[in-house]
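Colleague: Can you keep this structure in mind? I'll have questions shortly.
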Amino acid sequence: MSLLLVGLSHRSAPVSVLERASLAADTQAKLLQDTLAAEPAAEAAVLATCNRIELYADVDKFHAGVAELSTLLAQHSGVGLDELTPYLYVHYEDRAVHHLFSVACGLDSMVVGEGQILGQIKDALALGQELHTAGRLLNDLFQQALRVGKRAHSETGIDRAGQSLVTFGLEQLAEGGDPAAWAQGKRALVIGAGSMSSLAAATLARTGVAEIVVANRTRARADRLVEILNQPGGTGVTAHAVEMAAVSDELTRADVVVSCTGATGLVLSAEAVAGALGLDFDPAYEPPAATVPAPTADPDQHAAWVENGFSTQAAQDRAVRRAVVPAQSTGPVRLALLDLAMPRDIDGGTARLDGVRLVDIESLAEASADAPMAADVDQVRTIVADEVAAFGAAQRAAHITPTVVALRTMAAGVVAGEIARLDGRLPDLDEKQRAEISQTVRRVVDKLLHAPTVRVKQLASEPGGAGYADALRELFDLDPQTVAAVSRADLNDPNRGRS
């Protein structure tokens, strides 16, 4: 079996495709179950964030696995396979490990070095464990990814290279100025009370806003977030919660709005924002459309993606998007909008309203593409390379362990049988003599097996060493069912792979 990854992210696909392909929690569970039911896959895990959807699987056939995983992603995302395929990337074996470790370190994030992805990887592993779709390989892989990410943040200055998506968004709203000076005394409206919205509220409080209003579909969650913000000894910000129905009224008093909900439709329309600011809005107006090259599902191009790990179609799309910048309003900013949701919460048309500045996932992606990289990034890449090599060696060594255990079990059985036969032939042996003979025979067998089993584990950990397990089984005529039983016992260990 082999590790296969098929996915798309802000680096390979335009936001318009990403937001349509976003997966709700129940859809992620169904995707995992259907992936496991598919013939090529024995394990599955899905990493779904606001700017990436990646499906990991342990497959026995590469080409069949790519076809099956791509089809499943298309079916569950609601984006047609022909449209989705040009934006997919494929990683296999060590390249898939390298990609996930890079993601865990924040190297593949929209904001390089951000640490939120570690929590999302942990959630992906927990879901796979809960649904029993993550087996030995994916448990080991995701657990190791978490350790690699933590190591990168503790041993390097990668945190200096980036920040949270919220902080980066506030910097964009401040248009290059100091976010703390920009936010001083402002009234903020936070829509949503999930992890990203909670981070946004905490960041706004630390940045220096005077007041935070939290609106959420479930009022109890908004109340809990407000309680945290109002804790004694905190930032001193004033916070209170309102119902979602009160958002329109709160817009008339807000200076900055941060929205990140799980809604499938718009939370703030351009018309609602215009009404709150007392502006006229023409719903019939359409901005000039960018001419984006039509996606192609050329098999030769797909082979290039497998080789290079990214979509050349997406690179063309990014070039076009950079050439055609959406019109933003001019003049003093009366209302700053930060949309961190995927799919988007805030109508893109709000950017054309006088006095409104909109920053969303797409504009953040464009801004981060030109952000300077810190020197620590090279150090993190070295850590990732070392950890990928170590993970590969450990997996190859683990692959032969059930065979070695089965070999020693068979040898123990042979010793037991010979001792029993000796008892029949020499019934007059006393207990001391019988114990001495038994210990001598076991010692001889152990010494004979010690060197070859240690050496075969060393050889198996090296690249190309997977065949040693097969050779060992063939040479000693080991029962495949015995080897499989050892593997199952290890896999079913309740203490294995828990996050």
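The values are calculated or read from the model by the stated rules, or taken from the named source; none is laboratory data. All values reported here derive from a predicted model rather than from experimental measurement. For neighbour counting, all protein chains shown are included, and Cβ atoms are generated from backbone atoms with ideal geometry for every residue, glycine included. Heads up: the accessible areas ignore ligands, DNA and RNA and are worked out on the full protein's heavy atoms, side chains in. Shrake-Rupley method; radii C 1.70, N 1.55, O 1.52, S 1.80 Å.
Colleague: Any idea how many residues of the range 346-363 are open to solvent by 40 Å² or more (accessible area, probe 1.4 Å) and over 17 Å from Gly192 (Cα atoms)? Even if it seems obvious, please write down each step before you answer.
Modeller: Restricting attention to the range 346-363, the residues satisfying the condition of being open to solvent by 40 Å² or more (accessible area, probe 1.4 Å) are 347, 352, 354, 357, 362-363.
Next cut, over 17 Å from Gly192 (Cα atoms) only: 352, 354, 357, 362-363.
Residues in the range 346-363 being open to solvent by 40 Å² or more (accessible area, probe 1.4 Å) and over 17 Å from Gly192 (Cα atoms): 5 in total.
Colleague: Continuing with this model, one more query. Do we have Ser16 as in contact with a Cys (Cβ under 9 Å, 6 or more places away or on another chain) and either of a type in the set (Lys, Arg) or under 23 Å from Ser363 (Cβ atoms) (or both) here? Give the derivation first.
Modeller: Numbers: in contact with a Cys (Cβ under 9 Å, 6 or more places away or on another chain): no; either of a type in the set (Lys, Arg) or under 23 Å from Ser363 (Cβ atoms) (or both): yes.
Considered against the rule, which asks whether it is in contact with a Cys (Cβ under 9 Å, 6 or more places away or on another chain) and either of a type in the set (Lys, Arg) or under 23 Å from Ser363 (Cβ atoms) (or both), Ser16 comes out as no.
Colleague: Related question: Would you check if there is a residue in the range 384-399 being in contact with a Ser or Thr (Cβ under 6 Å, 6 or more places away or on another chain) and modelled with pLDDT of 90 or more?
Modeller: We begin by selecting, within the range 384-399, every residue in contact with a Ser or Thr (Cβ under 6 Å, 6 or more places away or on another chain); these are 384, 393, 396-397.
Adding the requirement that they be modelled with pLDDT of 90 or more leaves 384.
Checking the range 384-399: at least one residue is in contact with a Ser or Thr (Cβ under 6 Å, 6 or more places away or on another chain) and modelled with pLDDT of 90 or more.
Colleague: Here is a list: Leu84, Leu36, Leu69. Which entry is of a type in the set (A, V, I, L, M, F, W, C), under 27 Å from Gly149 (Cα atoms) and in contact (Cβ under 8 Å) with a residue 40 or more places away in the chain? Don't jump to the end; show me each part of the working.
Modeller: Values: Leu84 fails: under 27 Å from Gly149 (Cα atoms); Leu36 fails: under 27 Å from Gly149 (Cα atoms).
Just one listed residue meets the conditions, Leu69.
So that you can scan it fast, the table gives a plain yes or no per residue for (1) surrounded by 17 or more Cβ atoms within 10 Å (Cβ to Cβ); (2) modelled with pLDDT of 90 or more; (3) on the phi < 0 side of the Ramachandran plot:
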residue	(1), (2), (3)
Glu171	yes, no, yes
Ser197	yes, no, yes
Ala205	yes, yes, yes
Val214	yes, yes, yes
Gln231	no, no, yes
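Colleague: Select from the range 128-152 the residues that are crowded, with 16+ Cβ neighbours inside 10 Å, in contact with a Leu (Cβ under 8 Å, 6 or more places away or on another chain) and either in a helix (DSSP H, G or I) or free of Cβ contacts under 8 Å to residues at least 40 places away in the same chain (or both) and list them in ascending order.
Modeller: Those that are crowded, with 16+ Cβ neighbours inside 10 Å, in contact with a Leu (Cβ under 8 Å, 6 or more places away or on another chain) and either in a helix (DSSP H, G or I) or free of Cβ contacts under 8 Å to residues at least 40 places away in the same chain (or both): Gly128, Arg136, Leu137, Leu138, Asn139, Leu141, Phe142, Gln143, Ala145, Leu146, Gly149.
Colleague: While we're looking at this one, here's another question. Could you please find all residues in the range 108-127 being small (Gly, Ala, Ser), farther than 15 Å from Val46 by Cβ and crowded, with 21+ Cβ neighbours inside 10 Å?
Modeller: Just the residues of the range 108-127 that are small (Gly, Ala, Ser), to begin with: 109, 113, 115, 119, 124, 126.
Imposing the further condition that a residue be farther than 15 Å from Val46 by Cβ reduces the set to 109, 113, 115, 119.
Selection gives Ser109, Gly113.
Colleague: Can you pull out every residue in the range 189-219 that is closer than 11 Å to Leu229 by Cβ and part of a strand (DSSP E or B)?
Modeller: If the condition is that a residue be closer than 11 Å to Leu229 by Cβ and part of a strand (DSSP E or B), then Val190, Glu211, Ile212, Val213, Val214 are the ones that fit.
Colleague: Further, regarding this structure: Select from the range 79-107 the residues that are of a type in the set (A, V, I, L, M, F, W, C), farther than 14 Å from Leu4 by Cα and touching a Ser or Thr at 6+ places or on another chain (Cβ under 8 Å) and write down the one among them that is most open to solvent (accessible area, probe 1.4 Å).
Modeller: Here the residue is Leu81.
Colleague: Considering only residues that are under 33 Å from the mean Cα position of the chain (by Cα) and open to solvent by 50 Å² or more (accessible area, probe 1.4 Å), look in the range 241-287 and name the one that is nearest to Met196 (Cα to Cα).
Modeller: Start the filter on the range 241-287 by keeping residues that are under 33 Å from the mean Cα position of the chain (by Cα), which leaves 241-244, 247, 256-270.
Checking the rest, the ones that are also open to solvent by 50 Å² or more (accessible area, probe 1.4 Å) come to 243-244, 262, 264, 266.
On the way: Glu243: 19, Met244: 18, Gly262: 11, Thr264: 16, Leu266: 17 Å.
By that ranking, first place goes to Gly262.
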